[in-house]
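Derivation of every value follows stated rules applied to the coordinates shown; laboratory data play no part. Predicted model, so just to flag it, every value in this text is computed and none were measured. When we count neighbours, we look across all protein chains shown, and the Cβ atoms used for this are built from the backbone with ideal geometry, even at glycine.
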Amino acid sequence: QKMHIQGESEDCKGSFKFEEVDFSPKALSDASAKELWEKWGLDQNSYIKRLSFDEFFSEEQKDVFFKDLFSSEIARKALGISTGRNNSWTSVGPLTSYTATDLTATVTNLDFFSKINDLGARPLPA
């Protein structure tokens, strides 16, 4: 299933409005979780943001939801892209098109990653 959006034409407008929500993720406040967060380099290569939206979501609205999410100025400022240099981030530019693909998810928790640790895998040294 593909959906392409060009510019800000009338057919591109949706109904979801987004705003950034302040919160304190457990991974950054719990000592053991923070240790794992840093151990795997997530502190340098990712960040966590929380956005809220103003409409009830149903699966039938997924195209409109994603279109509105990636078209929202607030969401674009919150959702940065790593430049890959010096731990720097840049904001997402204006949306010109996107493709959404449904994925079948069979793993719904992070226990999968515990197996990696149990096998003795370790992060690369910095």
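Taking 0.36 nm per residue of sequence separation and removing the Cα-Cα distance, the residue 100/residue 118 pair yields an extension gain of 3.0 nm. For the peptides 56-62, 78-84, the ranking by mean Cβ contacts within 10 Å, running from highest to lowest, is 78-84, 56-62. Straight-distance candidates among the aspartates and glutamates for linking to residue 67, with alpha-carbon spacing under 18 Å and chain neighbours fewer than 8 residues away dropped: 8, 10, 11, 19, 20, 54, 55, 59, 102.
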